[in-house]
Structure formats: C-alpha cells, structure tokens
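Q: Sharing a structure, written as structure tokens. Questions coming.
The values are calculated or read from the model by the stated rules, or taken from the named source; none is laboratory data. On a predicted model such as this, the values are computed, not experimentally measured, just so you know. Every residue, glycine as well, gets a Cβ built from its backbone with ideal geometry; the counts of neighbours run over all protein chains shown.
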Amino acid sequence: MNFKRLFSLALLVLFVCSIKASPDSTKVKKGRVLLVGTSLVSVLGGSYLYVENTWWSDKQIPFHFDDGADLSYALNVDKVGHFMGGLAAADFFSSSMKWAGMNKKRSLWYGAAFGSGLQLVIEMKDAYAPYWGFSKWDLALGSTGSFWPVAQYYYSDLKAINFKFSYHKKSNIYWDLDKKRGKEASKYAWQDDYPNQTYWLTFDVNHFIETCCWPDWLNLAVGFGIDDTQYLNSSNTKTGGNNEWYIALDYDIPKMLKKWNSPVGKKVKHWLNYFHLPAPTIRISPKLELYPLFL
C-alpha cells in the first residue's frame, strides 16, 4: 500500500472518529485512543512524505530564520493560511479525542497542543529550506488558530465569529513563477497557490445586532486574498502584488440544514462549514467590483 492510500485511509478513520464523537462521554477508552494515535501517526507520516517531496524538495541548507521575505512573498495571505491550518488540525484532533471518551474541555486543550506542535514541526523543516526559513510569524499565527476553539469555549461571543476558506483557480501565476525559478510544481499543488485562495472572517449578524428579518443562516463575511500581479525579484523571491479585500454574504451550513440533525449530519455540516460557498460579493480593494456570485 503506497503512502497516498495509507494517508487517505487514515484520514477516513479520523473522519469517522470525529463523526462518532460523543461529547457526553467522560471515560477515556484505551482502544479508541490507540486507534486515534495510530491514525494520526499515519496521517502525519503521509503528510511528511508529501511535503518532503513538494515544499521541501530543494537542497537543504543550515538552520536559518526567515530574512524578511516571509512578510512580502504572499502579502501575509499565507499567515491566514497558517491560522486556518492550526484551527482545522486542532478541531480534527479534539473531535477524535472526544470520540475516544475525553471530555470537551480537555479535548480542546489537547487539540490546541497538537495543532501548535504541528506548526512547530513545519517551521523546523522550513528552517532548512533555501526559499523559506523559520518564521516566527507563521508559528505564532498557526498556534493562535490552534487555540481559537479554546477561546470560543471560554468566551461565547467568539462562537459568532468563524473562519472559512475558498479556492477557485482563476490564474496560473503560481505555476508560471515556479517555472521561471526552474521548479515544476504539481498541478495539484493548491496549498501554496495563494492568488487563487481567499480566506474569510464571518460574523453571525443576529448575534451582534437585533433584527426582525435577517435569516439566522445568513452571515456577513470579510474576505482577504492576493491578486496575480506578483513577480520574481533578483533573488528569485516572489514580490509585488496587491492584497484583495471583499465583503460578501455567507451561509451558515448547520443552520441552513437544521433538519439534518443526526450525529453524522451534525459532523458533516460542521466540516462543510469551513468552506465559503459562492455568494454575492463586493471587492473593495484594490479596485471596486461587484460579483453576483464569487468563490
């Protein structure tokens, strides 16, 4: 069995674990903890092999910190990606721990530790890569995302604020610039294709404002991305470009599908809610533009 199949199988196991998570269980089940641990090792091992042959495939150099290019090469869109990565990893791990019998509070803290640890591993590898370097900002933002579910647990108002992701391939600039650097990025390498990614901060309108007519499943969202005007400088580092800002409507999937209330339905809705779906959108920067539907 190659690592891609192993990786997919482990993800499936963890997803089933998260679906079956029982928040009322207070007794940790050793067999389930072993299953979760084994699955996580498989996922992390598969992920490591994948990034070892994509992100970190260049010749290694001595440990070094980022020289400042980290704050310009994607105009900080990657920082939001690290936040979302930490958030999703923590959520995935804590859901699995709840399935294993751990109570909600403890599982959230374990998830935060796992997500932060994963970010640290990524930065340690980046520290030996020629185009990257150990980024304190990446680690800080990724760890902040990992602790976001903990913050929501202690401060209920934060439950009305969430983060989402959308991806739509509308430009080939990422692949074009890599080709100019002598690299051949996989056509599936969406994870570093920042010009085609948008990250969203969503707000539950009815939580913050008393209204008579606003649907409870309809939220407002602020989007953040980067356009496709970047180029390579003399050091072969991406620079330039413009940040894009959006205001859009957003859908709360769990509230839209209230009647799908089975344990499986609740978990599927929960994970789907990480994605921003096409919605009426206004781009406010770098130039004003209206989209009837934007992903």
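Q: Can you pull out the residues in the stretch 140-158 that are part of a helix (DSSP H, G or I) and free of Cβ contacts under 8 Å to residues at least 24 places away in the same chain?
A: A140, A151, Q152, Y154, S156, L158
Q: Can you say whether K164 is under 14 Å from the mean Cα position of the chain (by Cα), at pLDDT 90 or above and assigned by TED's automatic domain parsing to the domain that holds Q197, as far as the supplied structure shows?
A: yes
Q: OK, next. Going through the stretch 237-251 one residue at a time, which ones are on the phi > 0 side of the Ramachandran plot and either surrounded by fewer than 18 Cβ atoms within 10 Å (Cβ to Cβ) or charged (D, E, K, R) (or both)?
A: G240
Q: Another question, then. Can you run down the residue pairs with Cβ atoms below 8 Å, 6 or more apart or on separate chains, where the first is in the stretch 187-198 and under 15 Å from F294 (Cβ atoms) and part of a helix (DSSP H, G or I) and the partner is at pLDDT 85 or above and acidic (D, E)?
A: These pairs meet every condition: P195/D227; P195/D228.
Q: Of the residues P254, P280, which single one is surrounded by 16 or more Cβ atoms within 10 Å (Cβ to Cβ), closer than 21 Å to D204 by Cα and not β-branched (V, I, T)?
A: Unique residue meeting the criteria: P254.
Q: Against the definition (on the phi < 0 side of the Ramachandran plot and under 16 Å from the mean Cα position of the chain (by Cα)), how does P149 come out, yes or no?
A: Yes; evaluated as a whole, the condition is true for this residue.
Q: Looking at the stretch 110-119, can you tell me whether even one residue there is under 24 Å from I253 (Cα atoms) and over 14 Å from the mean Cα position of the chain (by Cα)?
A: Within the stretch 110-119, one or more residues are under 24 Å from I253 (Cα atoms) and over 14 Å from the mean Cα position of the chain (by Cα).
A quick yes/no check of all residues on (1) touching a helix residue (DSSP H, G or I) at 6+ places or on another chain (Cβ under 8 Å); (2) more than 21 Å from N172 (Cβ to Cβ):
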site: Y188; (1), (2): no, no
site: D192; (1), (2): yes, no
site: D204; (1), (2): yes, yes
site: H207; (1), (2): yes, yes
site: C212; (1), (2): no, yes
site: W217; (1), (2): yes, yes
site: F224; (1), (2): yes, yes
site: Q230; (1), (2): yes, no
site: E244; (1), (2): no, no
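Q: Counting only residues that are more than 18 Å from the chain's Cα centre (by Cα) and closer than 30 Å to D66 by Cα, give me the strands (runs of 3 or more DSSP E) lying completely in the stretch 223-295 with at least 3 of them.
A: Correct list: 230-232, 238-240, 243-251.
Q: State all residues of the stretch 199-219 that are loosely packed, with under 15 Cβ neighbours inside 10 Å and either among the charged types (D, E, K, R) or assigned to a helix (DSSP H, G or I) (or both); if no residue qualifies, say none.
A: Residues satisfying the conditions are H207, F208, E210, D216.
Q: Which residues, counting only those in the stretch 257-277, are farther than 18 Å from F203 by Cα and among the polar types (S, T, N, Q)?
A: Listed by number, the residues that qualify are N261, S262.
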